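Since every read-out is calculated from the coordinates, none of them should be taken as a lab result. Bear in mind the structure is a predicted one, so any value in this text is a computation, not a measurement. Backbone-built Cβ (ideal geometry, glycine too); neighbour counts: all protein chains shown.
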Amino acid sequence: MCTPLPRKKIIPLPGEGPEDVVVDREGNFVVGLNDGRVLRVNPLNGSAQELVNTGGRPLGLEVLANGHILICDSPKGLLDLDPGN
């Protein structure tokens with residue numbers, strides 16, 4: 001018996017070079033792009049909202065316990081983003 005392949009869905013992004021993706025408290029994807037933008041992406045319809053442009057290259061993301069997003073950016077270093085503001 002063959003195991004069925006998992007379903008996959010491609011979510012187009014309005015930019016290039018996503019390096020990392022995390023899921024925020026509301027279930028949205030948060031992704032950093034090579035032009036410095038950090039986007040919140042709705043996984044159901046693919047709509048994207050720019051949260052911030054770091055002016056660098058967001059390479060790593062982590063959602064913190066307080067809901068903030070820690071961004072590891074080259075060359076800016078560690079940035080703390082409050083997505084509610």
Scan of the stretch 49-58 for residues that are surrounded by 14 or more Cβ atoms within 10 Å (Cβ to Cβ) and in contact with a Gly (Cβ under 9 Å, 6 or more places away or on another chain), ordered by number: 52, 54, 56, 57, 58
Meets criteria (small (Gly, Ala, Ser), within 10 Å of the chain's Cα centre (by Cα) and surrounded by 13 or more Cβ atoms within 10 Å (Cβ to Cβ)) for residue 15: no
Residue match in the stretch 28-35 (condition: surrounded by fewer than 18 Cβ atoms within 10 Å (Cβ to Cβ), free of Cβ contacts under 8 Å to residues at least 40 places away in the same chain and either over 13 Å from residue 15 (Cβ atoms) or small (Gly, Ala, Ser) (or both)): no
So residue 46, is it out of contact with any Asp or Glu (no Cβ under 9 Å at 6 or more places or on another chain), surrounded by 12 or more Cβ atoms within 10 Å (Cβ to Cβ), among the small types (Gly, Ala, Ser) and on the phi > 0 side of the Ramachandran plot: yes
Scan of the stretch 14-57 for residues that are among the small types (Gly, Ala, Ser) and farther than 18 Å from residue 77 by Cβ, ordered by number: 15, 17, 27, 46, 47, 48
Residue 39, sole failed condition from (1) over 10 Å from the mean Cα position of the chain (by Cα); (2) under 13 Å from residue 83 (Cα atoms): (1)
